[in-house]
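Visitor: Take a look at the following structure, please.
The values are calculated or read from the model by the stated rules, or taken from the named source; none is laboratory data. Just so it is clear, the model here is predicted, and its values are computed rather than measured. Positions of Cβ are backbone-derived with ideal geometry, glycine not excepted, and every protein chain shown enters the neighbour counts. Ligands, DNA and RNA are excluded from the accessible area calculation, which covers all protein heavy atoms including side chains. Shrake-Rupley method; radii C 1.70, N 1.55, O 1.52, S 1.80 Å.
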Amino acid sequence: MIRITVDGKEIQTEQGKTILQACLENGIYIPNLCFLETREQPRASCRLCFVETSDAERPVTACTETVRDGLDVRTNTEAVRRLQRTAFKLIMSAHHCTPKTCPVAKPCQLMRIARHIQVGLNPRPLETLERDVQEEVDLTFFTYYPFRCVMCGKCVDVCRDRNERNPLTFAKRGFDTVVTFFGSGASNLPCDDCGACVAVCPTGALIPKPPPSES
Amino acid sequence: MANKTLEARFRGLRREAERRVQERQREGVPTISIVMSTCALASGAAETRDAIKETLERIKVPARIVPVGCMGHCYAEPLVVIDHPASGFPPICYHRIDAGIARVVIRSFFEDGDPSFEYVLGALEENDLVPPVTQFPRFNLEERVVMELCGRIDPGDIQEYIARGGYAALARALDGEPESVIDTIERSGLRGRGGAGFPTGRKWRLARSARSERKVVICNADEGDPGAYMDRTILESNPHQVLEGLAIAAYAVGADEALVYVRAEYPLAVKTVQKAVRDAEACSLLGRGVLGTAFDLKVSVFQGSGAFVCGEETALIQSVEGRRGMPRHRPPYPVEKGLWGRPTVVNNVKTLASVPPIVSKGADWFRTIGTENSPGTAIFSVVGNVKHPGLVEVPMGTSLRKLIFDVCGGIPGKKAFKAVQIGGPSGGCLPERFLDTPIDFDSLAQAGAMMGSGGMVVMDQDSCMVDVARYFVDFTQKESCGKCTFCRIGTRHLLVMLDRITKGEGREEDLEIMETLSHDIKAGSLCGLGKTAPNPVITSLRYFREEYEAHIRERRCPALKCRALVAFYIDLERCARGCDACVGCCPVEAIFTTKGRKKAIDQQRCVKCGECMVACPPEYNAVFKVSPPERAPVIERPPENGPAPAGNP
Ligand SMILES: Cc1cc2nc3c(=O)[nH]c(=O)nc-3n(C[C@H](O)[C@H](O)[C@H](O)COP(=O)(O)O)c2cc1C
Ligand code: SF4
Ligand code: SF4
Ligand code: FES
C-alpha cells in the first residue's frame, strides 16, 4: 500500500495503478471517456483526465501516469480546467447533442463531465462543425450514429479483447475518422453479435438493430 | 585490428573492390555519369541517357555510362559528368542537359575536342582549363558529411562504396566492444536528425541496457513532410552509408534484426535499398556472421503506405505490426518496448548516415563541424522562391541568411524576401528579422520554428502568410490519425477559421480563438503531430499579425494572393485602343469593349484567373490587380456588347 494526496486529501492505493484508477477507486471523479479498466495500455485519446502532479510542470493525463508513494495530485487547477474545458468543447462541437431523442440514460457521461468542469453542453465560443458523413450508418448488426460518436475507441478495444482480431475498427483519418466494420454482410463477418461494443459505448452511437424477422 | 579473421576478411573485400574500380579506369574509356535520382528523372534524365547512348553508338565512341545519385543541385538537372582523362580535360559537370543538348555536347566533346563551355557547370577538380565548381558558393559553402558521396558513386555498385572507404567503419566497430561504439557516438554529440534532436548515443545506451534477448533497429525513411526529400535522395544516391550506419547501430545496441521503413511512394529508393541489402549480404557485410564475426544481422525493407503520422515512431511500429498507424502514449518508449514488444531503436536516415564518418574519423573530428550543442551538418531540401533550390548540406550554425542568399542564390525576379518556413508543417514561419538566426536545434526552437526533418520553404513578397498557414494546417488536419480530441477536432477548427479569413469572411474574435486554441492543442495532444500542428498558425500570428488583421478588418490581402479578396481591372489610360490581346485568353468572356474601343473587365463574370494580366503586352501593362476588390473601378458594359451579365440572361 502506498499513499498519495489528491486535492489535499490523503488516499491509499497500490503500486502499479494509474492516478486515474487510484482516484476512481477512492471515489474521486476525474473526467474521462476513453479509460477502460481491461486495457493493458491506456488509450489516452479523449484528453479529459488531466491533473497536475508534484512530478511535472505541466498537466499530465491521469490515465497514463502511475502512482508513487507521496505523490501530490491536483485535479482542479486552472491549467487543468482550461485543457479539460477546451477538450470538452471540441468534443461537443462535433457531437450533436439532442437530449430529447437520445437513447442514453440521463445524466449521460457528457452531462456529468459538463457539470463537473462547470461548462454548458454547447461548444461556445467554438462553433458546431459539420461532418461529411451520413446521419445513420448500417453496420450489419448495429446502426452507427457518427454525430453522437466521441471516438473514445472503447467499442474497438472491447471488440479486440473479445475476438483477438478487430472486426470493428476505425476508418479514414483526421476529422473524418469513423468506426466501421471490416467487410460487410452478416455471413462473412468475423462478428458473432456479442454486443460488447454496444454495451460499452458511452454515447448511444451504436444501437443494436432488431433481429431480422422470420418471414 | 585485434580480430585477425575480421581484418583479413575486410582487407580482402577492400582490395578486390579497389582492383575492380582501378581496372575500369585503366581501360581508358571515358566515364559518363548521369544523375538518375527521382528529381533528375522528373527533369528528363532517362531521355538524356538514351540520347547519350545513341549518340555514342553513332559516333562509335566506347564509354562507360554510370547512373549516379543526386548531387543536390536539383535546379540544374539533368546533370551529366564527362570524365575522360585522355582528353586532357578534368571531369566536367554539365547542367540542364536535355536530350537535344546531350547530342550536341557529346558530338563536340568527342569529335571536335570542344567541351561546349555554354553548358558547363564546372570542373570537378582544380585545373587550368575549365573553371571549377568550387568557385560557386553553392559548392564551397557546403560541407558534406552525409552527402559526400551522393552523386559521385553508382548507388547500385557496392564495390564503388567499398573502394571509397565504405564499410571500414563497420569493420572497425566490430573489432571493438559495442560499448565503445556507444561511447564514440555519445562523445560526438550526434543528435537525431528526424526532428526532435534527441542525443543518439543516449538512445542507443538506453536500448543496450534494456533487458531482452532480442532487439531491433529501425531506419525511419517515412519522410512525409510536404516538400522534403532529403531521405529519399540519400537512399537513392548512397544507400550503403545508411546500411553501414544501421549495422553499426545494431551491433552497438545488441540487435539481430533491422528494418528500413520506406514509404511505398518512393519506388526507386525501395528498389535501391533492396538491392543494396542483397549486395551487402553477398559480401558478408550483413546477414549471418558479419565479416566472420559472431554478429548476425537480418535486414528487411518495409514499405509504408504513406501516412504522415506513420513517421512518428510509435505509429510506425504499429503499422509494421499490421495495425492502424496510430501513435500511442510514451512511456514506454520504443527503446524499452517497441516492435513486437522488443527494445527498438528508431533513427532517421541522416542520423544513421552520419554514423560511419564519426566512427571512422572520430568524435573529435565531428565536433569540429557545427556548434557546441548541435555538432555536425544540417541537410535541407530548400524549395520555394530561391534561385537554386535543391539539397544542401551545411555546418550547423550557418545562418539562415547565408543559406538562403549565398548558398541558394537568393530570391529570383528582384523580389523581396518575406518569410521562411522551416521544419515542414510542424515548423514555423520566420520573418526577415530572423535571417541571422543560426541553424541549429536550439536556436530554431527558440525562434518558434524547428529543425524538423529538413524541409525549408522560402517565400517572397507575393506569399500571403494567412494562406501559407492555411496550407500547412490543411495538411496536418488531413493527416491527423484521428485518435485524440485536440488534434482531430482542434486542427479542423483552425482550418475552418483560416479558410474563412482567406475568403474575407473572418471575424474579429477569430484571432483570439485561434491563439488560445493553438496553445491548448499543443499542450493537450497525445503525439508530436498535434503538439506541433499549430506552429505555423502561432508563428504567423506572432510575426505577421497585421496581415491577418488586413484580411479581417479591410477585406484586403496585402500579398494579393487570396482570390476572394482581389480584383483585376484594366487601366483605360494605358489600354491600347483596338488591341484585344486579353479578350481571347479570358476563359469566361468577362472582357468587353468599352464605348471608347478600349477593354474592361466585367467583375461579375471574372473568375480572377489572372490570364489577362499575362496576355497584356508589356508595352501597355494595362491590367492591374488590387485588394480589396472594391478598389477596382466599375465600368458598365455597354448594353449592345457581348454576353449579358452573369445571372441575368
Ligand atoms: C507526426 C510525426 C512525423 C514524423 N515523421 C518522421 C519522419 O518522416 N522521419 C523521421 O525520421 N522521423 C519522423 N518523426 C520523428 C520520429 O518519431 C522519431 O523521433 C525519429 O525517427 C527518431 O530518429 P532520430 O533520433 O534519428 O531523430 C516524426 C514524428 C512525428 C510526431
Ligand atoms: S461508437 Fe461509442 S464506444 Fe465507439 S468510439 Fe464512438 S462513442 Fe466510443
Ligand atoms: S496528436 Fe493527432 S496524430 Fe497524434 S495521436 Fe492525437 S490525433 Fe493522432
Ligand atoms: S481517460 Fe485519459 S485520456 Fe481519456
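To keep it simple, each residue is scored yes or no on (1) away from ligand 1 (no atom under 16 Å from the Cβ); (2) touching a His at 6+ places or on another chain (Cβ under 6 Å); (3) more than 24 Å from A:R131 (Cα to Cα); (4) modelled with pLDDT under 80.
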residue	(1), (2), (3), (4)
A:C152	yes, no, no, no
A:E164	yes, no, yes, yes
A:A171	yes, no, no, no
A:F175	yes, no, no, no
A:S184	yes, no, no, yes
A:N188	yes, no, yes, yes
A:G195	yes, no, yes, no
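Visitor: Filtering the range B:261-286 down to residues that are acidic (D, E) and under 25 Å from B:E16 (Cβ atoms), which residue is surrounded by the fewest Cβ atoms within 10 Å (Cβ to Cβ)? It would help to see each step written out before you state the result.
Guide: Applying the first criterion (acidic (D, E)) to the range B:261-286 yields B:265, B:279, B:281.
Add one more test, that the residue is under 25 Å from B:E16 (Cβ atoms), and what stays is B:279, B:281.
On the way: B:D279: 20, B:E281: 16.
Here the residue is B:E281.
Visitor: Filter the range A:165-181 for residues that are part of a strand (DSSP E or B) and without any contact (Cβ under 8 Å) to a residue 24 or more places away in the chain; which is farthest from the other protein chains (Cβ to nearest Cβ)? Give the derivation first.
Guide: Within the range A:165-181, the first condition is being part of a strand (DSSP E or B), and the residues that meet it are A:168-171, A:178-181.
With without any contact (Cβ under 8 Å) to a residue 24 or more places away in the chain added as a condition, the list becomes A:169-171.
Numbers: A:T169: 7, A:F170: 6, A:A171: 9 Å.
Across the range A:165-181, the extreme among qualifying residues is A:A171.
Visitor: When you check A:R39 against the structure, is it surrounded by fewer than 21 Cβ atoms within 10 Å (Cβ to Cβ), within 12 Å of another protein chain (Cβ to nearest Cβ) and either outside any strand (DSSP E or B) or within 15 Å of the chain's Cα centre (by Cα) (or both), yes or no? Full working, then the answer.
Guide: Values: surrounded by fewer than 21 Cβ atoms within 10 Å (Cβ to Cβ): yes; within 12 Å of another protein chain (Cβ to nearest Cβ): yes; either outside any strand (DSSP E or B) or within 15 Å of the chain's Cα centre (by Cα) (or both): yes.
Against the criterion (surrounded by fewer than 21 Cβ atoms within 10 Å (Cβ to Cβ), within 12 Å of another protein chain (Cβ to nearest Cβ) and either outside any strand (DSSP E or B) or within 15 Å of the chain's Cα centre (by Cα) (or both)), A:R39 qualifies.
Visitor: Continuing with this model, one more query. All but one of (1) at pLDDT 90 or above; (2) more than 14 Å from chain B (Cβ to nearest Cβ) hold for A:F142; state the number of the condition that does not hold.
Guide: Here A:F142 clears every test but (1).
Visitor: Just to be sure I understand, how many residues within the range B:322-345 are open to solvent by 10 Å² or more (accessible area, probe 1.4 Å) and outside any loop (DSSP other than H, G, I, E, B)?
Guide: Of the residues in the range B:322-345, 2 are open to solvent by 10 Å² or more (accessible area, probe 1.4 Å) and outside any loop (DSSP other than H, G, I, E, B).
Visitor: Related question: Would you point out which residue out of B:V420, B:V407, B:V394 is touching a residue at least 12 places away in the same chain (Cβ under 8 Å) and closer than 20 Å to B:V537 by Cα? Walk me through it before giving the result.
Guide: On the way: B:V407 fails: closer than 20 Å to B:V537 by Cα; B:V394 fails: closer than 20 Å to B:V537 by Cα.
After ruling out the rest, the residue left standing is B:V420.
Visitor: Same structure again: Filter the range B:539-575 down to residues that are among the acidic types (D, E), outside any loop (DSSP other than H, G, I, E, B) and open to solvent by 40 Å² or more (accessible area, probe 1.4 Å), then give me how many there are. Reasoning before the result, please.
Guide: Quick first cut of the range B:539-575, residues among the acidic types (D, E) only: B:546-547, B:549, B:554, B:571, B:573.
Retained after the next criterion (residues that are outside any loop (DSSP other than H, G, I, E, B)): B:546-547, B:549, B:554.
If we keep only those that are open to solvent by 40 Å² or more (accessible area, probe 1.4 Å) as well, we get B:546, B:549, B:554.
Of the residues in the range B:539-575, 3 are among the acidic types (D, E), outside any loop (DSSP other than H, G, I, E, B) and open to solvent by 40 Å² or more (accessible area, probe 1.4 Å).
Visitor: So, one more: Go over the candidates A:L90, A:L48 one by one and state the one that is within 12 Å of ligand 4 (Cβ to nearest atom) and not β-branched (V, I, T).
Guide: Of A:L90, A:L48, the one residue that is within 12 Å of ligand 4 (Cβ to nearest atom) and not β-branched (V, I, T) is A:L48.
Visitor: Here's another thing I want to ask about it. Restricting attention to the range B:293-307, which residues are open to solvent by less than 40 Å² (accessible area, probe 1.4 Å) and at pLDDT 95 or above? Before the answer, list the steps.
Guide: To start, the set of residues in the range B:293-307 that are open to solvent by less than 40 Å² (accessible area, probe 1.4 Å) comprises B:293, B:295, B:297, B:299-301, B:304, B:306-307.
Answer for the range B:293-307, where residues must be open to solvent by less than 40 Å² (accessible area, probe 1.4 Å) and at pLDDT 95 or above: B:T293, B:F295, B:L297, B:V299, B:S300, B:V301.
Visitor: Within 14 Å of chain A (Cβ to nearest Cβ) and either within 16 Å of ligand 3 (Cβ to nearest atom) or at pLDDT below 95 (or both), is that true of B:L529? Quick ask: steps written out before the conclusion?
Guide: On the way: within 14 Å of chain A (Cβ to nearest Cβ): yes; either within 16 Å of ligand 3 (Cβ to nearest atom) or at pLDDT below 95 (or both): yes.
Yes, satisfied.
Visitor: Within the bounds of the range B:198-220, is there any residue that is within 16 Å of ligand 3 (Cβ to nearest atom), touching a Ser or Thr at 6+ places or on another chain (Cβ under 7 Å) and open to solvent by less than 40 Å² (accessible area, probe 1.4 Å)?
Guide: no
Visitor: Say whether the condition of being open to solvent by 30 Å² or more (accessible area, probe 1.4 Å) and at the interface with another protein chain (Cβ under 10 Å from one of its Cβ atoms) is met by at least one residue in the range A:72-81.
Guide: yes
Visitor: I would also like to ask the following. Tally up the residues in the range B:509-538 that are more than 16 Å from ligand 4 (Cβ to nearest atom) and either open to solvent by 10 Å² or more (accessible area, probe 1.4 Å) or in a helix (DSSP H, G or I) (or both), please. So that I can check it myself, show each step before the final result.
Guide: Narrowing the range B:509-538 to residues more than 16 Å from ligand 4 (Cβ to nearest atom): B:509-519, B:522, B:528-529, B:532-538.
Narrowing further to those that are either open to solvent by 10 Å² or more (accessible area, probe 1.4 Å) or in a helix (DSSP H, G or I) (or both): B:509-519, B:522, B:528-529, B:532, B:535-538.
Looking only at that region, the number is 19.
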